[in-house]
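Q: What follows is a single structure, and I will ask about it in a moment.
The values are calculated or read from the model by the stated rules, or taken from the named source; none is laboratory data. These numbers come from a predicted model, not from an experiment. All Cβ positions, glycine included, derive from the backbone under ideal geometry; neighbour counts span all protein chains shown.
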Amino acid sequence: MKTLAEFARKNEYLVCVDSDGCAMDTMDIKHINCFGPCMIDEWELEQWRETILDRWNDINLYSMTRGINRFLALAMTLEEVNRDYCKVDGIEEFSAWTKEADELSNSSVGCQAEKTGQEIFKKALSWSVAVNQAINQLPEEKKVPFEGVKEGLKAAHEKADVAIVSSANLEAVLEEWQKHGLMDSVDVCLTQNVGSKALCISKMLEHGFQKNHVLMVGDAPGDLGAAEKNGVLYYPILVRREKESWERFVAEALPKFLDGTYEGEYQEQQKAAFKENLS
């Protein structure tokens, strides 16, 4: 597996695959056990724990904002905390930064903390580091790929270059994929340190792939949005139907992608099924 700088195109086709909630069955447990509770602790919100955690999970798991970058989700949740529960110092500046920054990562939030000296950026970094530590402490048997993922990646890699495109932490993604033998079918890994998913796909397009020869496989509206922003194709892994989705990818979607019949009616059917699944 190469870095973006080292990557060289080998095939005419490119399959981009999201990690959490798409390839790895890790999204629910990470948000319910790590992201939300760490936010409660960092901002001392224990008094409203249950309702705020419910709202965190709604934003990140069960709505059309599923899968957004952790710092965007943090800003959205803290805006509501500031409005409905207690004052959050610096929330306006933090929210504005999440909308304007080219990169949303531990590195970039740390730089912003140094640049501004504002406590909210320091707390956001502390929270994010605590989240990563909590994720690392999750039982290994809980961090597994969905059934069918390994077979799907292998099938794709026989005819296409394969890229991980994820808004998650680079080290966590690599550790999880390597542990389960998925990296054998991956050529390059692009995560939050590169930028948004849309930016990651655009970086891959710079290697000369035709847009209708690029397929983004994802489970969240942000994955669809990243694909549409770049004019590439999209295949959904449906929530609570992940095994079925990966089986259909191998049997139906991948062959259509490779023979040029994916674009058009079939693509629109997949988008409709995806939106219905999350509604």
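Q: Here is a check on your reading of the model: is Ile52 in contact with a Leu (Cβ under 6 Å, 6 or more places away or on another chain), surrounded by 16 or more Cβ atoms within 10 Å (Cβ to Cβ) and modelled with pLDDT of 95 or more?
A: Yes: the conditions hold for Ile52.
Q: Return the residue satisfying two criteria in turn: it lies in segment 6-24 and is surrounded by fewer than 18 Cβ atoms within 10 Å (Cβ to Cβ) and among the acidic types (Asp, Glu), and of such residues it is farthest from Val250 (Cα to Cα).
A: Glu6
Q: Can I ask one more? Here are some conditions: (1) in contact with a helix residue (DSSP H, G or I) (Cβ under 8 Å, 6 or more places away or on another chain); (2) at pLDDT 95 or above; (3) farther than 22 Å from Leu53 by Cβ. Thr77 meets all but one. Which one does it not meet?
A: With (1) in contact with a helix residue (DSSP H, G or I) (Cβ under 8 Å, 6 or more places away or on another chain); (2) at pLDDT 95 or above; (3) farther than 22 Å from Leu53 by Cβ applied to Thr77, the lone miss is (3).
Q: Additional query: Pull up segment 42-92, narrow it to residues that are acidic (Asp, Glu) and within 24 Å of the chain's Cα centre (by Cα), then point me to the one that is farthest from Phe274 (Cα to Cα).
A: Among residues in segment 42-92 that are acidic (Asp, Glu) and within 24 Å of the chain's Cα centre (by Cα), the one farthest from Phe274 (Cα to Cα) is Glu42.
Q: Still on this model: If you take the residues of segment 248-279 that are over 22 Å from the mean Cα position of the chain (by Cα) and closer than 14 Å to Lys159 by Cα, which of them is surrounded by the most Cβ atoms within 10 Å (Cβ to Cβ)?
A: Phe257
Q: Pull up segment 195-219, narrow it to residues that are surrounded by fewer than 21 Cβ atoms within 10 Å (Cβ to Cβ), in contact with a helix residue (DSSP H, G or I) (Cβ under 7 Å, 6 or more places away or on another chain) and of a type in the set (A, V, I, L, M, F, W, C), then point me to the one that is modelled with the highest pLDDT.
A: This residue is Leu205.
Q: Is it the case that segment 221-242 has a residue that's surrounded by 17 or more Cβ atoms within 10 Å (Cβ to Cβ), in contact with a Ser or Thr (Cβ under 6 Å, 6 or more places away or on another chain) and among the hydroxyl-bearing types (Ser, Thr, Tyr)?
A: Looking for residues that are surrounded by 17 or more Cβ atoms within 10 Å (Cβ to Cβ), in contact with a Ser or Thr (Cβ under 6 Å, 6 or more places away or on another chain) and among the hydroxyl-bearing types (Ser, Thr, Tyr), one finds none in segment 221-242, hence no.
Q: Same structure, new question: Considering only helices (runs of 4 or more DSSP H) fully contained in segment 31-141, which possess at least 1 residues that are touching a Gly at 6+ places or on another chain (Cβ under 9 Å)?
A: Helices (runs of 4 or more DSSP H) meeting the threshold: 49-61, 70-84, 106-116, 119-136.
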